[in-house]
Amino acid sequence: MITINLLPDELRPVKRTPLPHMITSAVFVGAILFCGMVFLSNGADIRKEKNQMDSNTVALQSLQAVVDESNALNDKKISLVDQVQTINEIASDRIIWSRQLFNLGRLAPKNLWYDTIQVDTRRFPVTKTVYNAQTKVNEKKTENIDKQVLVVKGYVVPGENGKSSISPFTLLTESDEEFSGLFQFYDSSFSDTSFDTHDVREFEVEFIINRGGNSHE
């Protein structure tokens, strides 16, 4: 049987090739396969990193005792450094009283003896320069501060010159480099009295303790 198409060319159906659809389908399938490969590769990398992290965690846990001990030793080291620093500060500011008692005995003239040696506290006025924020000028301000004082009491009898004077003693304490480096002469007082029927001069001398100190050895 013979079929004759009498339609004009512009009305005849166009025969289309399936090639574009095939290319599009191939590209789509390729994209899906690529995404799948990337997903699988990322998953493998993630599993690898997780395994490494788990391995490191196990290793860290096995070393935790060592880490704790190291941290404890480091804390102890810091504490010991602070203790040594504190001890050095105390030692540098502490007066060895046994040595100073020896110095007092060394510096005492033959006609002088001690009755009482003690450490007391006195209030001293100190003038400081303070900036006044309101007037914007420096002003003098007097404050009272506490200082430790070495109080020496005793008696003196006439010496080779026939005088009952404590001046030789105070001059010796001021000229002695070791003693004067710690104690500064502040005040003295005396009165004539008797001791075992002998005429003597009772005295009291005060020295400002320059570097603090402790009244106990």
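The values are calculated or read from the model by the stated rules, or taken from the named source; none is laboratory data. Everything quoted here is computed from the prediction, not taken from an experiment. Don't worry about glycine lacking a Cβ; one is built from the backbone with ideal geometry, like all the others, and counts go over all protein chains shown.
Among residues of segment 127-174 being within 17 Å of Asn103 (Cβ to Cβ) and out of contact with any strand residue (DSSP E or B) (no Cβ under 7 Å at 6 or more places or on another chain), the one that is surrounded by the most Cβ atoms within 10 Å (Cβ to Cβ) is Pro168.
Quick grid of which residues meet (1) in contact with a Ser or Thr (Cβ under 6 Å, 6 or more places away or on another chain); (2) modelled with pLDDT of 80 or more; (3) not assigned by TED's automatic domain parsing to the domain that holds Glu174:
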residue: Met1; (1), (2), (3): no, no, yes
residue: Ser25; (1), (2), (3): no, no, yes
residue: Val29; (1), (2), (3): no, no, yes
residue: Ser41; (1), (2), (3): no, yes, yes
residue: Glu49; (1), (2), (3): no, yes, yes
residue: Ser55; (1), (2), (3): no, yes, yes
residue: Ser79; (1), (2), (3): no, no, yes
residue: Arg106; (1), (2), (3): no, yes, no
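The set of residues in segment 175-190 that are surrounded by 12 or more Cβ atoms within 10 Å (Cβ to Cβ) and within 37 Å of the chain's Cα centre (by Cα) comprises Asp176, Glu178, Phe179, Ser180, Leu182, Phe183, Gln184, Phe185, Tyr186. Looking at Asn210, is it free of Cβ contacts under 8 Å to residues at least 40 places away in the same chain and either closer than 21 Å to Ser98 by Cβ or surrounded by 15 or more Cβ atoms within 10 Å (Cβ to Cβ) (or both)? Yes.
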